[in-house]
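Nothing in this text is a laboratory measurement; each read-out follows from the coordinates by a stated rule. Because the structure is predicted, anything quoted here is derived from the model rather than measured. Using ideal geometry, Cβ is built from the backbone for each residue, glycine included, and neighbour counts are taken over all protein chains shown.
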Amino acid sequence: MKFIITFAKHNQMKYRIVKLTNFSGKEASVYTIKDLSTNETLFDQFIKNNLSSSSREIKNILIRLQTIGNETGAREHFFKIKEGTLGDGVCALYDKPKSKLRLYCIRYGMNLIILGNGAPKSKQIRTFQDDDKLTEANYFLRRLSKEIKDRTTAGEICFTNDGMDLEGNLNFYDDEN
Amino acid sequence: MTMKTKKAELYNSNLINELLESIDPEEAKRIEERMLLATKIDDSMKAKGLNKSQFAELMGKKNSVITKWLSGTHNFNSDTLFDIGRKLGVKLINIDTVENCQSEIFKAEITISVDTTNMDKTQPPTHANPLSHYYNTQINEHINNNNLSNYC
């Protein structure tokens, strides 16, 4: 018998994928990840970390997410795609022109996105790998995307027929190593 | 093996709610409309069977410019919107309703009530309607008093 779920070790963080009711609507469902040790979501962390320095950009992102959920769906052209590995859906949401704030997400077609964390991408760096916060946020979603794929294959997670929701075992343990 | 279906936990963030309430509704509408405009352009491209590169070639622009247009963040100028509209065969700006808007304002502004007890009965009627002179006088006064002559 093959075990897909990784079991918690002492230094592992426990997370849960949750559905954000603030943005989810008739066109798309917006999910994020809750840190079960603090009960805070990665998206709330993203807001708190960047609100004082990028208030207008944050508010712009909130309205864009609300519009995606209720009006337009998660259309590919709203996202900077291919920010992860081939086919993992990791992308970044475009926000205000000339803004350097990056919010990483995993996009599953028009109807479902999972919001992660992000940070400003300074003009001094060429790629996100040159910034620790961006690298951490990006690679976390890459690992999560792989885990979702593995669990979907194993039948532990499924997408609903309308593509709007995720169901099944949505708890994760993350080991950065 | 059948999977036990377990729905995701619903999470409502107070922080997001507070921030959404603090956003100027006009600014929010602007952000939303930019996204809807990008969506309309993308739909029109698809209806014409054009991918991003083909549309860029049609518009004489670089691919990166089209990416910016479709990001839903771009603040277009009217010339660009007219150019895109012509190439894609869609109306992105509607300029047909200006006259109709003005006549609506005019109609609303000249609504007056008539008190026939003060009617000047010494003036002869100029039309078949015996009150027409009185009406015309009242309407002209109303127009002059309310600076509506530009709408006439």
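Which loop trypsin sites (Lys or Arg not before Pro) in the range B:1-77, with loop taken from DSSP, have no more than 14 other Cβ atoms within 10 angstrom of their Cβ? Intermediate results must be reported in sequence, preceding the final value.
Working: sites: B:Lys4, B:Lys6, B:Lys7, B:Lys29, B:Arg30, B:Arg34, B:Lys40, B:Lys46, B:Lys48, B:Lys52, B:Lys61, B:Lys62, B:Lys68; in loops: B:Lys4, B:Lys6, B:Lys48, B:Lys61, B:Lys62.
Here the sparse-neighbourhood loop sites are B:Lys4, B:Lys6, B:Lys48, B:Lys62.
Two decimals, Cα atoms only, Kirkwood Rh: what is Rg/Rh over chain A?
Values: Rg = 15.7 Å, Rh = 16.6 Å.
That ratio equals 0.95.
If you rank B:Ile84, A:Ile125, B:Ile95 by fewest surrounding Cβ atoms within 10 Å, what's the result?
B:Ile95, A:Ile125, B:Ile84
What whole number of Å gives the distance from the Cα centroid of the range A:82-107 to the Cα centroid of the range B:21-51?
The range B:21-51 and the range A:82-107 have Cα centres spaced 18 Å from each other.
What does the helix-only formula give at 222 nm for chain A: each DSSP H stretch with n ≥ 4 adding -39500 (n - 2.57), the total divided by the residues, and the result rounded to the nearest 500 deg cm²/dmol?
Working: 3 runs with 45 residues, N = 177.
Dividing the helical sum by the residues of chain A leaves -8500 deg cm²/dmol.
Springs between alpha-carbon atoms under 10 Å, Gaussian network over chain A: tell me which of A:Asn70, A:Asn39, A:Asn111 tops the mean-square fluctuations.
Most flexible of the set in this elastic network: A:Asn39.
With the contact rule set at Cα under 8 Å and sequence spacing of 6 or more, what percent relative contact order holds for chain A? List each step's numbers first, then the result.
Working: 310 pairs, mean separation 42.5, N = 177.
Once normalised by length, the contact order is 24 percent.
Just how large is the dipole of the range A:1-149 about the Cα centre, in debye to the nearest 20, putting +1 at every Lys and Arg Cβ and -1 at every Asp and Glu Cβ?
Working: 27 positive and 15 negative charges, 31 e Å.
With Lys and Arg at +1 and Asp and Glu at -1, about 160 debye.
Given a 10 angstrom Cα cut-off, can you work out which residue in A:Leu112, A:Leu103, A:Leu62 is the most mobile in a GNM of chain A?
Looking only at A:Leu112, A:Leu103, A:Leu62, the biggest GNM fluctuation is shown by A:Leu62.
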